[in-house]
Amino acid sequence: MATSDPMTPKASFEPSQPPVIEGFSPSVYGNQESFKEKFLRKTYENPMVPIGCLGTAAALTYGLYCFHRGQSQRSQLMMRTRIAAQGFTVAAILLGLAASALKSGR
């Protein structure tokens, strides 16, 4: 005789669909946004992160170029600059997270 187990889900599991959780909306935004729209929204929300990423990439690229040309002192300076730019980027991310947490807490 088959008995109903309280731990058995009532609906079958569908791996291609997100799970349905009562009271939880998987997206804060009503519509699905494209990569470009999300990138522009995130850049508008915290513009320092892309600036830090570009600075990091520029310092790395120029440092590798100087290394290739044999300018070791300039290459070392650019690698140190890259570390500073990475630190700036991480700080921008953390400050952006803190600001959004404070904004949503109000």
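A compact table of results
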quantity: Top-ranked residue of the range 32-70 - restricted to ones that are of a type in the set (S, T, N, Q) and modelled with pLDDT under 95, ranked as nearest to Gly96 (Cα to Cα); calculated: Asn46
quantity: Qualifying residue in the range 59-71 (condition: of a type outside the set (Val, Ile, Thr), open to solvent by 70 Å² or more (accessible area, probe 1.4 Å) and within 24 Å of Tyr44 (Cα to Cα)); calculated: no
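The values are calculated or read from the model by the stated rules, or taken from the named source; none is laboratory data. Remember, predicted model here, so these are calculated numbers, not experimental data. The accessibility values were calculated without ligands, DNA or RNA, using every heavy atom of the protein model including side chains. Shrake-Rupley method; radii C 1.70, N 1.55, O 1.52, S 1.80 Å.
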